[in-house]
Amino acid sequence: MARRLHHLLSKAVETNPDQWIHTIGGRRTTHAQLWEEAARVAGGMTADGVQPGSQALLLTHNHSDFLAAFWGALFAGCTPVPLAAPRSFEPSE
């Protein structure tokens, strides 16, 4: 059976849901919390009309958001395409 990358997170949630993941930004989250955040991102992408098989350009302001966006794109069946934000990047509200 072919495995997809998001199956790794699924397995981590099953075996160690409360294990901490340390992100570069210093924010700590568990496997289960990351799963929930990624599922929200995937749901938002789907609601916005993103189709499985699409490429998802990821431009985030911090590393914690990047993790949720990366895994969320995978959950939505997309190929995540990370893009480094320029130093002067300020997200607009």
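Just one of the numbered conditions (1) over 16 Å from residue 74 (Cα atoms); (2) touching a residue at least 12 places away in the same chain (Cβ under 8 Å) is not true of residue 52; which one?
Only one criterion in (1) over 16 Å from residue 74 (Cα atoms); (2) touching a residue at least 12 places away in the same chain (Cβ under 8 Å) is unmet by residue 52, namely (1).
Out of 84, 32, 47, report the one residue that is open to solvent by less than 40 Å² (accessible area, probe 1.4 Å) and either among the small types (Gly, Ala, Ser) or in contact (Cβ under 8 Å) with a residue 60 or more places away in the chain (or both). Lay out the reasoning, then the answer.
Numbers: 84 fails: open to solvent by less than 40 Å² (accessible area, probe 1.4 Å); 47 fails: open to solvent by less than 40 Å² (accessible area, probe 1.4 Å).
Only one candidate qualifies: 32.
Out of everything in the range 30-75 that is among the β-branched types (Val, Ile, Thr) and either part of a helix (DSSP H, G or I) or under 15 Å from residue 85 (Cα atoms) (or both), what residue ends up being modelled with the lowest pLDDT? Can you show your working first?
Going through the range 30-75, the residues among the β-branched types (Val, Ile, Thr) turn out to be 30, 41, 46, 50, 60.
Now narrow it down to the ones that are either part of a helix (DSSP H, G or I) or under 15 Å from residue 85 (Cα atoms) (or both): 41, 46, 60.
On the way: 41: 95, 46: 95, 60: 80.
Looking at residues that are among the β-branched types (Val, Ile, Thr) and either part of a helix (DSSP H, G or I) or under 15 Å from residue 85 (Cα atoms) (or both), I get 60.
Go through the range 4-29 and count every residue that is hydrophobic (A, V, I, L, M, F, W, C) and either open to solvent by 60 Å² or more (accessible area, probe 1.4 Å) or modelled with pLDDT of 85 or more (or both).
So the answer is 4.
The values are calculated or read from the model by the stated rules, or taken from the named source; none is laboratory data. Small disclaimer: the values here were computed from a predicted structure and weren't measured. Every residue, glycine among them, receives a Cβ derived from its backbone with ideal geometry; neighbour counts consider all protein chains shown. The accessibility values were calculated without ligands, DNA or RNA, using every heavy atom of the protein model including side chains. Shrake-Rupley method; radii C 1.70, N 1.55, O 1.52, S 1.80 Å.
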